[in-house]
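In what follows, a single structure is set out as structure tokens and then discussed.
The values are calculated or read from the model by the stated rules, or taken from the named source; none is laboratory data. Bear in mind the structure is a predicted one, so any value in this text is a computation, not a measurement. Note that each Cβ is placed from the backbone with ideal geometry, even for glycine, and that neighbours are counted across all protein chains shown. The area values use the complete protein model at the heavy-atom level, side chains included, leaving out ligands, DNA and RNA. Shrake-Rupley method; radii C 1.70, N 1.55, O 1.52, S 1.80 Å.
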2 protein chains.
Amino acid sequence: MATAIDFYFDFSSPYGYFAASRIEALAAKYGRTVHWHPVLLGAVFKTTGGQPLTQIPIKGDYARHDMQRTARLHAIPFRFPEKFPISSQLAARCALWAGNVHGEARKTELSLALYRAYFAHGQDITETQTVLAVAQELGLDGAAMIEAINGTAIKEQLREEVDAAMRRGVFGAPFMIVDGEPFWGFDRFDQIELWLKNGPF
Amino acid sequence: MATAIDFYFDFSSPYGYFAASRIEALAAKYGRTVHWHPVLLGAVFKTTGGQPLTQIPIKGDYARHDMQRTARLHAIPFRFPEKFPISSQLAARCALWAGNVHGEARKTELSLALYRAYFAHGQDITETQTVLAVAQELGLDGAAMIEAINGTAIKEQLREEVDAAMRRGVFGAPFMIVDGEPFWGFDRFDQIELWLKNGPF
């Protein structure tokens, strides 16, 4: 039986947003499902010494240009946010909560809505009021969500998710694992498609 | 008139080697020529804080895996070298010498031969004897080359080439500039092809 694709993403990553906008369609085309895993790149970068792309001299300017160009090419609505990068903990906890309470499909739906709020609509998803509004628009119980994401259980769950991701070799985002095979970056969607279509190469 | 594609590469970069193996065919398909520019990533990284991919925790293991997979997918002969990364100054000077004395076509030919010696045949292109043999196999005057690459003029020329590249925004390799548009990475060959085919997007 075809296994699910594991999709690791950070709500602060533009390329993660591009991947999030396309991965369900790609998976569905080949009869696969997707498990969405919000992670915190900040925690990962403590181990790898990475840093936000746009903050690197020279490379940062290129990255902003490349993001706009890539969004245009794939027809993905995108505005580079005024506030960037952001701490993505709040959004990640919301996504985990939706998964805990309502299952994978709602986690996916809320994750994509939060990504769009930030990268398409310029909303600040580090603000409780913003994530509350996004959740309520999907018909989720916003009050229950806010209570849960301020609790220690979900904070601990997120920490464990990040640790588990790193144990699987996740060092950046987006990061996809297909049949145990790791692929890093929206750039690798072409290789993932070949893998799904023809099997290992 | 269609302008040449500027191709910046470091002889120590596996993805630079992949790009070098495919860029002439891509350019020719759309009636373009390629100007090959050897650069030294070590010098660039002093400004950007970059470091060799394979030396980064977790990411390094993935990078080695991804290189092998990408080489297989594109049917490019590739063996990860025992000695890696290397100082690419010697090879870069040889390439510049070939361009100075024999013109662009010979620079391209020698550059590709040096890349193949290192990444396909496991030869150490930091050794004078190796670059000499590679040059002689192409019918170049090896003795004249060795004399030139030990002179101060070509060292200064390489320094200026690296500075000029950085002024154009080059922060990594491979790096391609097409009609003023920057593209970083072998991953961007699909976007470059769309650009060459349909124009700006």
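Numerical summary
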{"quantity": "Breaking point among (1) facing chain B (nearest Cβ under 7 Å); (2) without any contact (Cβ under 8 Å) to a residue 24 or more places away in the chain; (3) farther than 20 Å from A:Tyr115 by Cα; (4) open to solvent by 30 Å² or more (accessible area, probe 1.4 Å), for A:Tyr62", "calculated": "(4)"}
{"quantity": "Selection count, the stretch B:107-151, where residues are part of a loop (DSSP other than H, G, I, E, B) and farther than 23 Å from B:Pro14 by Cα", "calculated": "5"}
{"quantity": "Of all residues in the stretch B:182-201 being more than 8 Å from chain A (Cβ to nearest Cβ) and over 26 Å from B:Ala63 (Cβ atoms), the one that is surrounded by the most Cβ atoms within 10 Å (Cβ to Cβ)", "calculated": "B:Trp195"}
{"quantity": "Members of the stretch A:43-58 found to be assigned to a loop (DSSP other than H, G, I, E, B) and facing chain B (nearest Cβ under 7 Å), listed by number", "calculated": "A:Gly49, A:Ile56, A:Pro57, A:Ile58"}
{"quantity": "Pair list, Cβ under 9 Å, 6 or more apart: the stretch A:16-29 residue within 10 Å of A:Pro174 (Cα to Cα), other residue at pLDDT below 95", "calculated": "A:Gly16/A:Leu41; A:Gly16/A:Ala173; A:Ala19/A:Ala173"}
{"quantity": "Within the stretch B:25-46, tally of residues that are hydrophobic (A, V, I, L, M, F, W, C) and farther than 15 Å from B:Asp6 by Cα", "calculated": "5"}
{"quantity": "Residues located in the stretch B:37-52, provided they are buried (at least 16 other Cβ atoms within 10 Å of the Cβ) and hydroxyl-bearing (Ser, Thr, Tyr)", "calculated": "B:Thr48"}
{"quantity": "Close pairs (6 angstrom Cβ cut-off, 6 or more residues apart or separate chains): closer than 9 Å to A:Ser12 by Cβ in the stretch A:79-92, open to solvent by less than 20 Å² (accessible area, probe 1.4 Å) and among the small types (Gly, Ala, Ser) anywhere", "calculated": "A:Pro85/A:Ser12; A:Ile86/A:Ser12; A:Ser88/A:Ser12"}
{"quantity": "Residue match in the stretch A:1-9 (condition: over 16 Å from the mean Cα position of the chain (by Cα), more than 13 Å from chain B (Cβ to nearest Cβ) and among the β-branched types (Val, Ile, Thr))", "calculated": "yes"}
{"quantity": "Residue selected from the stretch A:65-82 under the condition assigned to a loop (DSSP other than H, G, I, E, B) and in contact with a helix residue (DSSP H, G or I) (Cβ under 9 Å, 6 or more places away or on another chain), by the criterion nearest to the other protein chains (Cβ to nearest Cβ)", "calculated": "A:His74"}
{"quantity": "Condition met for A:Arg93 (open to solvent by 30 Å² or more (accessible area, probe 1.4 Å) and under 28 Å from A:Glu156 (Cβ atoms))", "calculated": "yes"}
{"quantity": "Hits in the stretch B:173-201 - residues which are touching a Lys or Arg at 6+ places or on another chain (Cβ under 7 Å) and farther than 18 Å from B:Glu24 by Cα", "calculated": "B:Phe201"}
{"quantity": "Qualifying position, being surrounded by 18 or more Cβ atoms within 10 Å (Cβ to Cβ), within 23 Å of B:Gln136 (Cα to Cα) and of a type in the set (S, T, N, Q), among B:Ser21, B:Ser87", "calculated": "B:Ser21"}
{"quantity": "Residues of the stretch B:101-139 classified as farther than 24 Å from B:Ile76 by Cβ and either open to solvent by less than 20 Å² (accessible area, probe 1.4 Å) or in contact (Cβ under 8 Å) with a residue 40 or more places away in the chain (or both), total", "calculated": "1"}
{"quantity": "Conditions (1) outside any helix (DSSP H, G or I); (2) more than 17 Å from B:Tyr62 (Cα to Cα): number failed by A:Gly169", "calculated": "(2)"}
